[in-house]
Amino acid sequence: MHVRRVNIHPEKFPVTDCYPFNLPVIRDTAGLDFTSPVTFFAGENGSGKSTLLTALSYACGIYIWQGDTRSRAVYNPYERELYFCVSVEWADGRVPGSYFSAELFQNFSRIVDDWAATDPGVLDYYGGQSLLTQSHGQSLMSYFNARFSIKGLYLLDEPEAALSPRTQLELLDALHRAAGNGVAQFVIATHSPILLACPGAVIYSFDRIPIAPVEYRETEHYKLYRDFLEDPAPRPRRE
């Protein structure tokens, strides 16, 4: 592991009534230990998975590529401020890292294509061909396979979003192989029961307060898919 622990410091929170500082799961969790090369953040939408992953990225000095900016009807000035309130414990000094989000990947692909227009060799770092000339799933796997062989910390936010179940299995295999080579560490926010099955991974449930490790078959994702496959019928909405 490159990162051993992330600590959350509520005494540094600028406010307590605005997102994300009003989330009990963030406020009541002292920190998380990383004891496996692959760590998953699992939980419902809005539980704080991506928020903590983003804060960890900034705290580790990892740049996040931004998409096209848009005006917003409501602006929250504290939305990205959590990283000021977290600290990172490194195992043996800082290492390079990267942050991946499916919603930002298309913008990143266009930037890489712009670079390649003047330096085609750039594409060698991303599978050898333009990411824009492949299907979305193919371009993602080209990116993952090229990057995961490089020593570093990889933070992935719902990488399964554009992947078919079969391609998710390919990504699961890539994660398992990269984690086994001793150079890559992964922290992944996901809803995918396929990815969560990664051997040896630690799964943190954001549906518990404080955040706590959970066994694979005890995750809500696994149980929901299991129940559905046993009886694939529409279910009444839960209130």
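The values are calculated or read from the model by the stated rules, or taken from the named source; none is laboratory data. The shown structure was predicted, so the numbers you read here are calculated from the model rather than taken from an experiment. Here the Cβ positions follow ideal geometry from the backbone for every residue, glycine too, while neighbour counts run over all protein chains shown.
Structural remarks
- Test: residue in the range 68-80 that is of a type in the set (D, E, K, R), modelled with pLDDT of 90 or more and either in contact with a Pro (Cβ under 9 Å, 6 or more places away or on another chain) or in a loop (DSSP other than H, G, I, E, B) (or both): no
- Pairing residues of the range 134-149 that are within 15 Å of ARG177 (Cα to Cα) with residues that are modelled with pLDDT of 75 or more and surrounded by fewer than 16 Cβ atoms within 10 Å (Cβ to Cβ), at Cβ distances under 8 Å and at least 6 apart in sequence or on separate chains, gives PHE148/ARG177; SER149/ASN181; SER149/VAL183.
- Taking the criterion of being of a type outside the set (A, V, I, L, M) and surrounded by 13 or more Cβ atoms within 10 Å (Cβ to Cβ), the residues of the range 5-27 that qualify are ARG5, ASN7, PRO10, LYS12, PHE13, CYS18, TYR19, PRO20, PHE21, ASN22, ARG27.
- Any chance ALA197 is at pLDDT 95 or above and under 24 Å from MET1 (Cα atoms): yes
- Qualifying residue in the range 114-123 (condition: modelled with pLDDT under 90, touching a Gly at 6+ places or on another chain (Cβ under 6 Å) and of a type in the set (S, T, N, Q)): no
- Of note, VAL183 satisfies the criterion of being among the β-branched types (Val, Ile, Thr), closer than 26 Å to GLY61 by Cα and out of contact with any strand residue (DSSP E or B) (no Cβ under 7 Å at 6 or more places or on another chain).
- Any hit, the range 172-181, residues being over 22 Å from SER50 (Cα atoms), surrounded by fewer than 21 Cβ atoms within 10 Å (Cβ to Cβ), among the polar types (S, T, N, Q) and without any contact (Cβ under 8 Å) to a residue 40 or more places away in the chain: yes
- Test: residue in the range 50-62 that is closer than 19 Å to PRO77 by Cβ and outside any helix (DSSP H, G or I): no
- Residues considered: LEU169, LEU140, LEU163. Of these, the only one that is at pLDDT 85 or above, hydrophobic (A, V, I, L, M, F, W, C) and either in contact with a Leu (Cβ under 7 Å, 6 or more places away or on another chain) or crowded, with 18+ Cβ neighbours inside 10 Å (or both) is LEU163.
- Complete set of residues in the range 86-96 that are without any contact (Cβ under 8 Å) to a residue 60 or more places away in the chain and touching a Gly at 6+ places or on another chain (Cβ under 6 Å): PRO96
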